[in-house]
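Asker: Structure provided below as structure tokens; questions to follow.
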Amino acid sequence: MQSLRCCPARGLILSRTIRGQRSLRMSWPRNSGATGGAGGAASGGGSTTTTSTIGVGALQKLREWHASAFSSRFLLFTNVGISLTLSCVGDILEQHLEIYCGEIERFESTRTAHMAISGVTVGVICHYWYKMLDKRMPGRSMRVVAKKIVLDQLICSPIYISAFFVTLGLLERKTKNEVWEEIKEKAWKLYAAEWTVWPVAQFVNFYWIPTHYRIFYDNIISLGYDVLTSKVKHKQSHSHLKKIP
């Protein structure tokens, strides 16, 4: 204390040194925390950027796949694949419904495979039909759309319903007479059902949907119709089984 009184300058220097050490001790944890927080923010920002980059890359890949699948080069394969898949799904749904209702005892994978193959036939027919229809009747006026709907119901529907029964008849190794009898007995049920669904659905298809999405839209709408198709096709065989003593 005496030395401080004797040398005011020395005391002043010592006092400032002590204050500086105290302020350094008090500020050091805060600076460390701030540094850590900045580092954490930088790390979090890097993680977010990486996730965003992955998402953008996946979206870009999806766009490239979509553009390739629905291009004119691969559109036939895409349409056939869609028809095959949804015909298969329709039969699976119908078989599970029949099992639930007690109409059949177990799932038949061969039946589903045959329905899927019939979807290939129908997919090919519809692909070229829509392509030809849009080429011969371009435009989206009400008159053009109405003509397309009428032609679709009067020409394409009977053709692909017949192709459906012929394809399954070949897969089931039926004779020509058996296939013809089955067509006469069952085809009208499917054709009558078409008139209740497809005129309105095809108006949307021909008026709004681009040509390369027609089969995709067609199959989404027809998923319920595929269930009915499977039911009508296989109903007779079950009734025959019940008649066997």
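Bear in mind that the values in this text are calculations on the coordinates, not laboratory data. Just so it is clear, the structure is predicted and the values come from calculations on it, not from any experiment. Reconstructed Cβ throughout: ideal geometry from the backbone, glycine too, with neighbour counts over all protein chains shown.
Asker: Indicate the gyration tensor shape class of segment 39-180 (rounded, prolate or oblate), computed on the Cα atoms with a ≥ b ≥ c the square roots of the eigenvalues: a/c under 1.5 is rounded; otherwise a/b larger than b/c is prolate and the rest oblate.
Answerer: Working: a/c = 3.03, a/b = 1.50, b/c = 2.02.
Taking the square roots of the gyration eigenvalues as a ≥ b ≥ c, segment 39-180 is oblate.
Asker: What Kirkwood hydrodynamic radius, in Å, does segment 145-225 give when the mean of 1/r is taken over all pairs of distinct Cα atoms and then inverted? Intermediate values should be presented prior to the final figure.
Answerer: Values: mean 1/r = 0.0725 Å⁻¹.
Evaluated on segment 145-225, it is 13.8 Å.
Asker: If you take every residue apart from Gln202 with its C-beta less than 14 Å away from the C-beta of Gln202, what net charge results, scoring Lys and Arg +1 and Asp and Glu -1?
Answerer: Working: positive: Arg140, Lys147, Lys148, Arg214; negative: Asp134, Asp152, Glu194, Asp218.
Local net charge: 0.
Asker: Report the extension gain between Ser68 and Glu178 in nm, rounded to one decimal, defined as 0.36 nm multiplied by the number of residues separating them, less their alpha carbon distance. Present the calculation step by step, with values, prior to reporting the outcome.
Answerer: Details: separation 110, 0.36 × 110 = 39.60 nm, distance 4.23 nm.
Working it through step by step, the gained length comes to 35.4 nm.
Asker: Calculate the length of the line joining the C-alpha centroid of segment 58-95 to that of segment 157-233, in whole Å.
Answerer: Distance between centres, Cα-based: 19 Å.
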